[in-house]
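The values are calculated or read from the model by the stated rules, or taken from the named source; none is laboratory data. Quick caveat, the model's predicted, so the values are computed rather than measured. A quick note on method: Cβ atoms are made from the backbone with ideal geometry, for glycine too, and the neighbour counts reach across all protein chains shown. Heavy atoms of the whole protein, side chains included, go into the accessibility calculation; ligands, DNA and RNA do not. Shrake-Rupley method; radii C 1.70, N 1.55, O 1.52, S 1.80 Å.
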Amino acid sequence: MEKLVVEKSPPLSGVVPVSGAKNAVLPILAATLLTEEPCVIEGAPRLRDVATMIRLMETLGVMVEQRADGSLETRLLSEERSTAAYELVKTMRASINVLGPLLAKRGRARVSFPGGCAFGPRPIDLHLKGLRALGAEIDIREGYIVARAERLRGAAMYLGGPFGSTVTGTANVMMAAVLAEGRTVIEGAACEPEIRDLAEFLNALGARIRGMGTPRLTIDGVDRLGGTTHRVIPDRIEAGTYLAAGAVTGGDVTVKGVAPGTLRSVLDVLREIGLSVTEGEDWIRVRRAGRLRNTDIVTLPYPGFPTDLQAQFMALLAVAEGVSVVTEKIYPDRFMHVAELARMRARIRKEGATAIVVGTRRLSGAPVMASDLRASAALVIAGLVAEGTTEVKRIYHIDRGYERIEEKLTALGARIVRREDPEAP
Ligand code: EPZ
């Protein structure tokens, strides 16, 4: 196993390129199950999760070739198999994205039931509710979701749940509905840019989806889909992570190849805590003069502040002036990083789904353990300003979602290296 060794770093400065969005490319790869024609996906990031999804696609009869420029070419070989096995699904929950496409195209799907994860329960009841509304028969057997349908039929449905809309649930039902007979209307659909990107990909294949990016999706089913070449949108969470890294060190960092319109709530927070933020069509620059100020953050479905940046911004607030309050409205238990940040001398108290962060001037480097992808990124950010050395262990989590994070940070002046970790189990 490997670890990242982070030293207190000078103010980061420079330009960092942002990769394609992980959470867009994963459902888009799954969507290629819906067509018999080849597709090309440009701008796919080189990530562990993408590699896992490629393996899963191959077990389902879709060959995925990775070209030198990083783009992925998919080609259907066989539609015989329709099982997403436990071994793959347990390593990546996003595997559930194949459920809707398999059901719609092959009439059957057997997908291992995803369990909880490091930040609590992650139910899929809304996925199943939407697919049942389209006429699927669904049973849970031996740890698998077993779904069947002759031909799905369009239906009107509401997909909101106790924590708002569901991103992957919307993706699953939308992918199933594009091949259903008649019209489907999804109310309470997720508005995340990654869902919009998926809808644009599907429409390029010949699907008829309207209302993309809004909570009301109207989908007119078609009989078959073709092929296309599609470039995935930039990763807004990766961009926000590098902006936070620049901000915490008091630096001057520009993220390039981003869509600033997808980061409005995040840029507002950066301004509130005292940063100067400027932007162009595809870049955002963040500079800091004085000390960071406190603020309150509430995570919400898009366009609200993303839960996937909550941990990284908590690391920022840990060294800001005054008291900040961070409330998690998507995953009330997504606070595993709190205890690790405390090992670095951060002063954070958790009260239910809220963390109260008392800013301190000095963090202290420590060995810390990454519990999930974004928590790992938060520990790296904290390590950049902590006195001494921070060792972030179990970094396979970080490789699931960040492409060459240590190289990108080093190019900005960070002192960070990847090392083998002989102590790891
Ligand atoms: C997606 O997960 C992302 N993953 C997550 O990113 C992200 O944190 C999350 O959306 C929220 O933005 C991918 O896109 C692959 P949800 P997803 O269904 O789709 C509840 C990262 O770090 N819910 O939108 O699984 C659920 O418990 C990852 O890159 C139900 O109640 O999340 C949660 O409270 C981690 N029933 C809320 O809805 C359901 O059937 C939102 O979950 C489904 C969800």
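Here are the numbers for the structure shown:
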| quantity | calculated |
| --- | --- |
| Evaluation of Leu29 against (1) surrounded by 24 or more Cβ atoms within 10 Å (Cβ to Cβ); (2) more than 16 Å from the ligand (Cβ to nearest atom); (3) in a helix (DSSP H, G or I); (4) not small (Gly, Ala, Ser) (one fails), failing number | (2) |
| Any pair with Cβ under 7 angstrom, 6 or more apart, that starts in segment 302-323 at a residue that is under 14 Å from Pro193 (Cα atoms) and assigned by TED's automatic domain parsing to the domain that holds Thr354 and ends at one that is assigned to a helix (DSSP H, G or I) and away from the ligand (no atom under 12 Å from the Cβ) | Pro303/Arg264; Pro303/Ser265; Gly304/Ser265; Phe305/Ser265; Phe305/Val266; Phe305/Val269 |
| Test: residue in segment 256-276 that is open to solvent by 20 Å² or more (accessible area, probe 1.4 Å), in a strand (DSSP E or B), within 16 Å of the ligand (Cβ to nearest atom) and in the same structural domain as Arg400 (by TED's automatic domain parsing) | no |
| Qualifying residue in segment 239-249 (condition: under 22 Å from Tyr402 (Cβ atoms), touching a Pro at 6+ places or on another chain (Cβ under 8 Å) and part of a loop (DSSP other than H, G, I, E, B)) | yes |
| Tabulated pairs, segment 129-148, first more than 21 Å from Gly182 (Cα to Cα) and assigned by TED's automatic domain parsing to the domain that holds Val111, second in a strand (DSSP E or B) and open to solvent by 30 Å² or more (accessible area, probe 1.4 Å), C-beta under 6 angstrom, 6+ apart or interchain | Tyr144/Arg110; Val146/Arg110; Val146/Asp139 |
| Selection from segment 393-415 of residues that are within 18 Å of Thr249 (Cα to Cα), open to solvent by less than 10 Å² (accessible area, probe 1.4 Å) and β-branched (Val, Ile, Thr) | Ile405 |
| Restricting segment 49-68 to residues that are assigned to a helix (DSSP H, G or I) and polar (S, T, N, Q), the residue that is nearest to Arg81 (Cα to Cα) | Thr59 |
| Qualifying positions in segment 108-128 - touching a residue at least 24 places away in the same chain (Cβ under 8 Å) and either closer than 25 Å to Arg183 by Cα or touching a Phe, Trp or Tyr at 6+ places or on another chain (Cβ under 7 Å) (or both) | Arg108, Ala109, Arg110, Val111, Ser112, Phe113, Phe119, Gly120, Ile124, Asp125, Leu126, His127 |
| Segment 3-26, subset within 16 Å of the ligand (Cβ to nearest atom) and not basic (Lys, Arg), residue most open to solvent (accessible area, probe 1.4 Å) | Asn23 |
| Test: Arg67 is at pLDDT below 95, within 14 Å of the ligand (Cβ to nearest atom), under 18 Å from Glu403 (Cβ atoms) and of a type in the set (Lys, Arg) | no |
| Residue within segment 349-360 that is within 15 Å of the ligand (Cβ to nearest atom), of a type in the set (Ser, Thr, Tyr) and open to solvent by 10 Å² or more (accessible area, probe 1.4 Å) present | no |
| Candidate set from segment 278-311 (those that are among the small types (Gly, Ala, Ser) and within 16 Å of the ligand (Cβ to nearest atom)); member that is nearest to Gly240 (Cα to Cα) | Ala311 |
| Some residue of segment 293-309 being farther than 21 Å from Gly401 by Cβ, part of a loop (DSSP other than H, G, I, E, B) and small (Gly, Ala, Ser) | no |
| Sole residue being closer than 19 Å to Thr32 by Cα, open to solvent by 30 Å² or more (accessible area, probe 1.4 Å) and near the ligand (Cβ under 9 Å from one of its atoms), chosen from Arg110, Arg81, Arg93 | Arg93 |
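Results for (1) among the aliphatic types (A, V, I, L, M); (2) in contact with a Pro (Cβ under 9 Å, 6 or more places away or on another chain), shown as yes or no for each residue.
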position	(1), (2)
Asp125	no, no
Gly130	no, no
Ala136	yes, no
Arg141	no, no
Leu152	yes, no
Ala155	yes, no
Tyr158	no, no
Ser165	no, yes
Gly169	no, no
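Yes or no, residue by residue, for (1) within 18 Å of the chain's Cα centre (by Cα); (2) farther than 21 Å from Gly206 by Cβ; (3) without any contact (Cβ under 8 Å) to a residue 12 or more places away in the chain:
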{"site": "Ala31", "(1), (2), (3)": "yes, no, no"}
{"site": "Ile41", "(1), (2), (3)": "yes, no, no"}
{"site": "Pro45", "(1), (2), (3)": "yes, yes, no"}
{"site": "Thr52", "(1), (2), (3)": "yes, yes, no"}
{"site": "Glu65", "(1), (2), (3)": "no, yes, yes"}
{"site": "Glu80", "(1), (2), (3)": "no, yes, no"}
{"site": "Ala84", "(1), (2), (3)": "no, yes, no"}
{"site": "Val89", "(1), (2), (3)": "yes, yes, no"}
